[in-house]
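This report concerns only the one structure given below.
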Amino acid sequence: MLVAACQGKYATQLPYTTLWQQGTATVNHRSDKADTVFTSGWKFTRGLREGVHANRLLQPDSLVELPHRVVLPNTDLWYLKTISFAQAGVLRVRADDGAQLWVNGKPAQRLNGDSFKVEASLEATILILVLNNAMAGGLLEVSYYTHSHAVQQEQAHQRSLQRNKLEQKRILLGDTTLPLLIGPWLTQSDSVYKIRLVADAGVTMYWGATPSVKNAQTARASFVQFEVPAPASEWYYKVCSGTVCSPTYRVAGTQTNFQFTVWGDSQSGWKQFATHLQNLQASTDAFTIGVGDLVGNGSNEAAWQTLGGLLSTYAAERPAYLVAGNHDYDGYYTDLQPRLYQQYAAPSAKPWFAWRYSNCAFIAIDPNAQFPIGFAGEQQQWLQAQLKSPLWQQAEWRFIVLHQPLFSQGWPGYQGDAVVRELLEPLLETARIDFVIAGHTHDYERLVKVNGRQQTNFIITGGGGGSLEPDQSSPTPRMDTVIKTHHYLRFKIASNKLEWTAYDLNNRIIDYQKREK
């Protein structure tokens with residue numbers, strides 16, 4: 001929850017889900033009325049390589065009007081127009097899934113995720129690269145603000161954020177003078193637990209092998225991360241800021257028979273995601289896995305804070321292994337770095353990682369690290385090393401988790417990603433891969449394939465919160481099951497026996513499967 005306790009003021013405490021429902025969790029709107037909006041006369045083409053800084057488009061496909069959106073998976077989309085700016089100002093570029101901008105052949109100075117500085121010009125050649133790394137994408141809006149107008153809008157935006165923070169305190173604490181905490185939520189690397197939270201004052205974490213939690217660490221920052229060496233048995237912790245303290249959380253040690261959950265594409269569908277988390281809270285799960293598109297816009301810091309606040313209702317006592325999806329990158333891909341994902345969610349320094357729990361091995365890979373989709377040499381080499389490691393070789397059950405699936409039917413016009421198939425299909429038998437779990441398509445799908453002596457289950461769990469796929473599906477490939485509803489999965493492991501269950505928003509079973517070796 002957002003704030004767990006306030007010196008006995010439990011009567012004024014509300015869970016983060018209630019805060020979200022009252023509409024004050026992530027106020028990030030601007031009452032911006034642009035000086036000029038450029039909607040018509042855009043030359044459009046596709047498929048030029050990233051880094052081409054042309055002042056013209058070679059053989060443009062067409063003239064288009066904005067908003068413009070096309071179904072061209074994993075394709076770079078280019079737009080060109082000559083524009084007049086009476087004075088210096090700000091050009092705001094809204095696009096799926098983010099954009100880069102050149103003015104008269106030179107990269108424009110980016111002020112934030114979607115705003116660029118422009119100088120006065122009677123004839124400015126505007127070239128925009130839209131980085132579509134999903135199915136549909138395109139240029140939605142290009143609007144111009146004079147410098148004074150832009151400054152006023154930003155000042156109004158900052159005042160709105162401050163009012164929102166005070167309103168959060170009023171709702172949660174009943175007292176705007178008290179410090180505010182968002183979190184905590186746990187992630188885990190090979191050797192440490194990471195306790196993450198957002199605060200507006202200094203924070204102290206207490207932890208230890210017993211509920212007395214005598215060890216202490218203190219930090220002062222708007223975003224705080226504490227690290228605890230991963231103990232072999234259970235341990236406890238709590239966080240405090242001033243007089244505000246969380247409960248004392250218990251983190252369990254490794255169990256032989258255990259269960260874990262998987263979900264994907266929460267994608268800022270907070271109402272549905274919050275319902276899933278409410279359904280999960282009473283469980284004894286060892287950990288949870290999110291298979292990408294954790295937020296709708298990776299450059300929106302408020303969205304990451306909302307994710308952390310909601311996730312803390314469940315992930316304060318168990319690690320969350322959060323995989324990057326295409327929407328989790330920085331939203332404009334200037335350097336292809338998922339900066340906020342790394343800060344708020346990533347278990348390790350790279351967007352690919354591996355872990356072992358009891359008799360199960362997990363490898364998380366990231367096709368989004370190479371635009372438009374691919375696996376760089378470093379990641380491929382790392383994957384090959386992991387597949388040969390004792391962590392993988394000695395496991396009973398082996399899982400690959402990632403965002404984009406090999407096979408998918410539920411998204412019309414999409415059959416899964418060929419790049420992912422080319423990487424993983426040759427490895428299914430030799431690496432003895434039991435499960436490939438992905439998201440990206442917003443539904444539940446499963447398919448079983450047998451390669452030689454190896455049976456592999458392909459599962460899509462993209463029902464974490466984002467809008468669902470339409471009723472229509474692709475004719476191929478033929479998945480064994482396609483169910484278009486919001487859902488999450490729970491796996492149960494007992495030695496060589498495994499079962500998994502898919503639950504809908506009402507916590508009703510929509511699918512149940514089991515395997516035995």
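Remarks
- Residue within segment 483-498 that is in contact with a Lys or Arg (Cβ under 7 Å, 6 or more places away or on another chain), more than 22 Å from Ala136 (Cβ to Cβ), β-branched (Val, Ile, Thr) and crowded, with 18+ Cβ neighbours inside 10 Å present: no
- Boolean, Ala364 is under 19 Å from Asp328 (Cβ atoms) and loosely packed, with under 15 Cβ neighbours inside 10 Å: no
- When every residue of segment 145-153 is checked against the conditions, at least one turns out to be at pLDDT 75 or above and in a strand (DSSP E or B).
- Condition check for Ser312: buried (at least 24 other Cβ atoms within 10 Å of the Cβ), modelled with pLDDT under 95 and more than 24 Å from Ser115 (Cβ to Cβ): yes
- Comparison of Thr476, Thr461, Thr430 shows that the only residue that is in contact (Cβ under 8 Å) with a residue 60 or more places away in the chain and either surrounded by fewer than 17 Cβ atoms within 10 Å (Cβ to Cβ) or on the phi > 0 side of the Ramachandran plot (or both) is Thr476.
- Considering residues of segment 257-290 that are touching a Leu at 6+ places or on another chain (Cβ under 7 Å) and β-branched (Val, Ile, Thr) only, the residue nearest to Pro351 (Cα to Cα): Val262
- Selection from segment 370-390 of residues that are surrounded by fewer than 17 Cβ atoms within 10 Å (Cβ to Cβ) and in a helix (DSSP H, G or I): Gly377, Glu378, Gln380, Gln381, Gln384, Ala385, Lys388, Pro390
- When Arg453, Arg508 are checked against the criterion of being without any contact (Cβ under 8 Å) to a residue 40 or more places away in the chain, over 20 Å from Gly264 (Cβ atoms) and among the charged types (D, E, K, R), a single residue qualifies: Arg453.
- All positions within segment 190-218 that are of a type in the set (A, V, I, L, M), touching a residue at least 24 places away in the same chain (Cβ under 8 Å) and part of a strand (DSSP E or B): Val192, Ile195, Leu197, Val198, Ala199, Val203, Met205
- Scanning segment 126-141 for residues that are under 30 Å from Gln404 (Cα atoms), part of a strand (DSSP E or B) and aliphatic (A, V, I, L, M), we see that the one that is modelled with the lowest pLDDT is Leu131.
- Filtered residues of segment 93-125 (kept if touching a Phe, Trp or Tyr at 6+ places or on another chain (Cβ under 7 Å), assigned to a loop (DSSP other than H, G, I, E, B) and under 20 Å from Pro372 (Cα atoms)): Gly98, Gly113
- Segment 406-427, subset over 14 Å from Thr476 (Cβ atoms) and not acidic (Asp, Glu), residue surrounded by the fewest Cβ atoms within 10 Å (Cβ to Cβ): Pro426
- Selection status of Ala395, hydrophobic (A, V, I, L, M, F, W, C) and within 18 Å of Thr75 (Cα to Cα): no
- Here Ala349 clears all of (1) among the aliphatic types (A, V, I, L, M); (2) free of Cβ contacts under 8 Å to residues at least 24 places away in the same chain; (3) out of contact with any helix residue (DSSP H, G or I) (no Cβ under 8 Å at 6 or more places or on another chain) except the condition numbered (3).
- Contact annotation: residue pairs with Cβ atoms under 8 Å, 6 or more positions apart or on different chains, pairing a residue in segment 367-388 that is in the same structural domain as Asn326 (by TED's automatic domain parsing) and in contact (Cβ under 8 Å) with a residue 60 or more places away in the chain with a partner that is in a helix (DSSP H, G or I) and among the charged types (D, E, K, R), are Asn368/Asp328.
- Some residue of segment 446-454 being within 20 Å of the chain's Cα centre (by Cα) and buried (at least 22 other Cβ atoms within 10 Å of the Cβ): no
The values are calculated or read from the model by the stated rules, or taken from the named source; none is laboratory data. A quick note: this is a predicted structure, and the numbers were derived from the prediction, not measured. Ideal geometry is used to build each Cβ from the backbone, glycine not excepted, and the neighbour counts take in all protein chains shown.
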